[in-house]
1. Provide HIS154, HIS129, HIS56, HIS219 ordered by accessible surface of protein heavy atoms (probe 1.4 Å), highest first.
2. In debye, nearest 20, what is the charge dipole magnitude of segment 24-157 about its Cα centre with +1 on Lys and Arg Cβ and -1 on Asp and Glu Cβ, if you could check?
3. Which FRET efficiency, nearest 0.05, do LEU244 and HIS157 yield, Cβ-Cβ r, R0 45 Å?
4. Would you mind classifying segment 1-159 by shape? Square roots of the alpha carbon gyration tensor eigenvalues, ordered a ≥ b ≥ c; an a/c under 1.5 is rounded, otherwise it is prolate if a/b is larger than b/c and oblate if not.
5. Which helices, taking whole DSSP H runs in the chain, have alpha carbons extending 24 angstrom or more along the helix axis plus mean Kyte-Doolittle at least 1.6?
6. Report the paramagnetic label zone for LEU20: residues of segment 191-223 whose backbone N is under 16 Å from a point 7 Å from Cα along the Cα-to-Cβ axis.
7. Classify segment 176-275 from the C-alpha gyration tensor, please: rounded if a/c falls under 1.5, else prolate or oblate depending on whether a/b exceeds b/c.
8. Could you give the length gained on full extension between ASP191 and ILE253, defined as 0.36 nm per residue of separation minus the Cα-Cα distance, in nm?
Amino acid sequence: MLVTVVLAWGVTWPVNKVLLETLPPLWMSALRSAIGALVVPRRADVPVLLSITLLHMVGFVVLTAFGLQLVPTGRSVVLAYTTPLWVAPGARLFLGEPLTGRRIIGVVVGLLGLVVLFNPLAFDWEDGHAVLGNLAILAAALLWAASIVHVRGHRWHATPFALLPWEMLLAALILVPVAFLVEPVPAVAWDARLTGLLLYSSLPGSALAYWAVPTAGRHLPAVTTSLGLLATPVVSIIVATLWLGEAPTASLIVAVVLILGGVAIGATGDRARPA
């Protein structure tokens, strides 16, 4: 399930970057939630449903969409996946998960890879739009970290699959009215390419991934889940390089090695407690 999420979301970031050339952030988020809700619904647990929907599907998605308009794809996905930095202390504080040596090393190595890729020393801190975009994405990472911790600590009565339609529906019910209020209805020239991109962002990139990530989170420690998700920026950057023409650099190669190394160190050797 964790590998499914990494592959689905790894491609979703470049797809969303292309979609944002045509659709405003709120409308893109609203449309993908509405399309992803087209699954047979069943009732589920309200607390975790609200947590996943409000913190991740609405908060994270909208903030990253705004940030993605102002920040290049590679930097955006790197900032969004600083999540383990916030999950590790949260899981220790709220769930009592031990910060073992392997987890600490895995987090440090993985985040070091993100720092190499982000390269804050080369960042233009006087660019107000870029700073705003980066802050939005960092705030999104905090919201997602809170959702991961809640998913791990929640006492589940229904399955993530049963929750999924209600999450997508609630996200659509929130985002569609907000989109109407905040942004004008976009004049979009729909064609096969744009429709295909939106369907990918909505189904594998939303419905499938939002089912797989809480399923993985129920059976893996929160830190292990967040570390495993660090592989997503690697997939996104590879896809962006091949598809969007972003040339690979030495820092990119070093960052990929560090990120995958952190995942391998931190996600192995743990025995997950039963969900």
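The values are calculated or read from the model by the stated rules, or taken from the named source; none is laboratory data. Being a predicted model, the structure only gives us computed values, none of them experimental. Ideal geometry is used to build each Cβ from the backbone, glycine not excepted, and the neighbour counts take in all protein chains shown. The accessibility values were calculated without ligands, DNA or RNA, using every heavy atom of the protein model including side chains. Shrake-Rupley method; radii C 1.70, N 1.55, O 1.52, S 1.80 Å.
1. Ranking HIS154, HIS129, HIS56, HIS219 by accessible area, largest first, yields HIS129, HIS219, HIS154, HIS56.
2. 640 debye
3. 0.60
4. oblate
5. 101-118, 160-182, 250-267
6. Only 198, 201-202 pass the distance filter.
7. Judged from the Cα gyration tensor, segment 176-275 comes out oblate (a/c at least 1.5, b/c at or above a/b).
8. 18.7 nm
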